[in-house]
Amino acid sequence: MIAVDLLRRRRAVTSTLLAQLLNVTRINLSNQFQDGHRLLDLHRIAVTPLPGTPARTLAQLQTHLPSRDDTCTDQL
């Protein structure tokens, strides 16, 4: 799951919150991180972390997300 590793590398959410949202264990999530990490590194994709601390709750994640009116200037 590349999306899982991207969220982790961007420091958008904590591993605990991501596991809860996906309804998986943190061990399973760790395996997904490793797979995504290998693929991103293989294709030399650099991911810039988001400023601030990772979201620990769904409410915090929603405040991290851009609004519909915002345009994305960063591809990853």
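So the values come out like this:
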{"quantity": "Matching residues in segment 8-29 - criterion: being at pLDDT below 85 and open to solvent by less than 70 Å² (accessible area, probe 1.4 Å)", "calculated": "9, 10, 12"}
{"quantity": "Neighbours by Cβ (under 7 Å, 6+ apart or cross-chain): first from segment 6-34, over 15 Å from residue 53 (Cα atoms); second open to solvent by less than 60 Å² (accessible area, probe 1.4 Å) and polar (S, T, N, Q)", "calculated": "26/15; 29/15"}
{"quantity": "Pick from segment 44-61, criterion open to solvent by less than 80 Å² (accessible area, probe 1.4 Å) and among the hydrophobic types (A, V, I, L, M, F, W, C), ranking: modelled with the highest pLDDT", "calculated": "59"}
{"quantity": "Residue that is in a loop (DSSP other than H, G, I, E, B) and among the hydrophobic types (A, V, I, L, M, F, W, C), where the choices are 7, 50", "calculated": "50"}
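The values are calculated or read from the model by the stated rules, or taken from the named source; none is laboratory data. All figures in this text were calculated on a predicted structure; none of them were measured in a lab. Positions of Cβ are generated from backbone atoms using ideal geometry, with glycine treated the same way; all protein chains shown enter the neighbour counts. SASA here: full protein model, heavy atoms, side chains in, ligands and nucleic acids out. Shrake-Rupley method; radii C 1.70, N 1.55, O 1.52, S 1.80 Å.
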